[in-house]
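Below: one structure, written as structure tokens.
The values are calculated or read from the model by the stated rules, or taken from the named source; none is laboratory data. Worth saying up front: this structure is predicted, and the values here are computed from it rather than measured. A quick note on method: Cβ atoms are made from the backbone with ideal geometry, for glycine too, and the neighbour counts reach across all protein chains shown. Heavy atoms of the whole protein, side chains included, go into the accessibility calculation; ligands, DNA and RNA do not. Shrake-Rupley method; radii C 1.70, N 1.55, O 1.52, S 1.80 Å.
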Amino acid sequence: MRRVAILGATGSIGTQALEVVARHPELELCALTSGSTPLDDLAREHGVEHVQVGGDPLALLQAAEPDVVLNAVVGFAGIAATLWALEAGVTLALANKESLVAAGDLARAAHARGGGLLLPVDSEHSALFQCLEGRAPETIHSLVLTASGGPFRGRTRAELEDVSVADALAHPTWRMGPKITVDSATLANKGLELLEAHVLFGVPVERIEVVVHPSSVVHSLVRLRDGAALAHLGYPDMRVPISFALTYPDRAPTDVPQLDLAAGLTLEFEAPDLDTFALLPLAREAGERGGTFPCAYNAANEVAVAAFLDGRLPFLGIAETVEEVLAAASGSPARDLDDLVAADAEARRLAEDALAEVAVA
Ligand SMILES: NC(=O)c1ccc[n+]([C@@H]2O[C@H](COP(=O)([O-])OP(=O)(O)OC[C@H]3O[C@@H](n4cnc5c(N)ncnc54)[C@H](OP(=O)(O)O)[C@@H]3O)[C@@H](O)[C@H]2O)c1
């Protein structure tokens with residue numbers, strides 16, 4: 001039996017993870033959390049004793065003694081659980097990319113001390129993990145992250161001036177929570193994934209390429225030094241990377257259909273439009289500057305996306321807010337979690353100031 005804690009159990013990933021767990025009798029749910037949605041019904045349905053709505057999940061995790069923590073919380077709020085699992089050496093199935101982006105150095109150090117498994121649940125990183133597994137670092141030329149391009153692929157800046165929240169939430173290939181769906185529309189999601197891949201695999205951001213691939217069938221690629229490239233393919237369905245992480249290394253079966261190659265599969269790739277989707281180059285810049293600039297990028301983006309979803313900021317204002325915050329943030333490296341929380345708070349304050357200027361204008 002493998003004891004599984006699902007944090008963010010009421011969200012898009014959390015719900016699909018519950019489906020995966022239900023399919024496998026060797027997976028036993030031991031803890032569930034949410035931000036504010038009541039969990040009584042889910043806890044009763046799944047016979048889970050340890051549940052928590054909001055607040056710090058550490059006491060719950062300690063009491064539940066999971067073998068695997070699936071962190072599917074959205075945003076910086078996932079950080080406590082990420083660092084706890086890494087430090088304790090408990091297997092971390094990580095969907096919450098924001099915590100790894102913000103806490104890159106602290107997470108790497110905690111992972112080294114704890115010595116447990118860190119299994120990415122993001123489909124691109126799960127793909128990269130599988131293509132990289134067992135390979136010597138010197139044989140790796142570079143990583144290639146694929147991006148669907150989101151609902152606004154091919155649009156110009158002028159065409160994005162008046163897009164609505166509903167437009168941004170209409171993702172062409174993935175059904176996800178609202179924050180990551182907006183991030184996919186701005187390409188901040190790919191920016192966060194670039195930074196996440198850097199932390200997970202220790203590859204410099206200059207050697208991580210992003211390519212637009214509208215059908216989302218190729219989940220990512222690894223280029224090797226001999227000119228070969230390894231790709232991971234499959235229909236876009238998060239149950240595959242969730243199941244991979246929860247049943248690793250057994251690779252249990254799922255209900256996801258096999259690729260139908262005979263039906264004709266066209267794989268198209270194109271370069272991202274970096275002028276229109278500025279959040280992608282801004283993420284690269286944050287990664288190159290290092291320190292707590294990735295944390296500031298993430299915090300400013302979270303504030304700006306929330307403001308966009310509330311109707312307080314136009315779509316293009318999200319990138320403008322993040323750019324302003326990166327220009328003003330101190331970016332000093334974080335020695336510990338207190339430093340990191342302070343850097344996150346500073347960036348959120350700067351972002352709120354930038355939003356107040358938009359409101360006045
Ligand atoms: N959805 C995908 O296909 C996908 C793919 C790759 C990676 N991811 C990543 O996975 C994470 C979750 O995404 P999602 O799409 O599943 O998001 P979502 O549908 O919005 O769900 C978020 C979950 O986090 C909980 N939550 C929110 N704020 C919280 C807080 N302050 N403390 C504790 N829990 C909190 C929510 O609880 P409430 O119900 O109470 O709000 C909900 O259970 C994100 O980091 C995202 O980038 C998602």
Per the Cα gyration tensor, segment 6-52 corresponds to an equivalent ellipsoid with semi-axes, largest first in Å, of 16, 12, 8
Dipole magnitude of segment 1-139, debye to nearest 20 (Cβ charges: Lys/Arg +1, Asp/Glu -1, about Cα centre): 180
May I have the extent of the alpha carbons of segment 130-239 along their three principal axes, as whole Å values ordered from largest to smallest? 47, 29, 22
List, largest first, the extents of the alpha carbons of segment 204-260 along their principal axes, each in whole Å. 35, 26, 21
Counting pairs of alpha carbon atoms under 8 Å apart in space and at least six apart in sequence, what relative contact order in percent does segment 1-140 give? 20
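Return the ratio Rg/(2.2 N^0.38 Å) for segment 108-159, where Rg is computed over Cα atoms only. Mind showing how you got there, number by number?
On the way: Rg = 16.6 Å, N = 52, 2.2 N^0.38 = 9.9 Å.
Segment 108-159 yields a ratio of 1.68.
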Using the C-alpha atoms of the chain, what convex hull volume per residue, in cubic angstrom, is computed? 141
Give me the number: length gained by fully extending A263 to A327, i.e. 0.36 nm times residue separation minus the C-alpha to C-alpha distance, one decimal in nm. 18.1 nm
CD proxy, 222 nm, the chain: helix-only mean residue ellipticity via -39,500 (n - 2.57) per DSSP H run with n ≥ 4, per residue, nearest 500, stands at -14000 deg cm²/dmol
Using eta = 1.002 mPa s and T = 20 °C, Stokes-Einstein with Kirkwood Rh from Cα pairs puts D for segment 148-210, in µm² s⁻¹, at 168
Just to verify a number: what accessible area does M1 come out at with the full protein assembly present, 1.4 Å probe, Å² rounded to tens? 150
Heavy-atom accessible area of segment 108-211 with neighbours in place, 1.4 angstrom probe: carbon+sulfur share in percent works out to 53
Along the charge dipole of segment 176-279, pointing to its positive end and built from +1/-1 on Cβ of Lys, Arg, Asp and Glu, which listed residue (H198, T247, A263) has its Cα farthest out? T247
Would you calculate the volume per residue, in Å³, of the smallest convex hull containing every Cα atom of segment 74-189? 132
Return a whole-number percent for the relative contact order of the chain, with Cα pairs under 8 Å and 6 or more residues apart as the contact set. 15
Length released on extending from S164 to S142, taking residue separation times 0.36 nm less the Cα-Cα span: 4.3 nm
Just grab the label-to-label distance for D41 and S215, each label 7 Å out from Cα along the Cβ direction, in nm (one decimal). 3.8
If N is the number of residues in segment 204-361, what value comes out of its Cα radius of gyration divided by 2.2 N^0.38 Å? 1.31
Estimate the FRET efficiency between R113 and E49 by the formula 1/(1 + (r/R0)^6), using the beta-carbon distance for r and 35 Å for R0, to the nearest 0.05. 0.75
Test of understanding: what is the full-extension gain from R3 to E28, defined as 0.36 nm times their sequence separation minus their Cα-Cα distance? 8.5 nm
Dipole moment magnitude, nearest 20 debye, segment 94-252 about Cα centre, only Lys, Arg, Asp, Glu C-beta charged: 220
The percentage of Cα-Cα pairs in segment 12-99 separated by more than 15 Å is 57
In Å², and per residue, what accessible area does segment 57-101 have when probed at 1.4 Å with the other protein chains present? 27
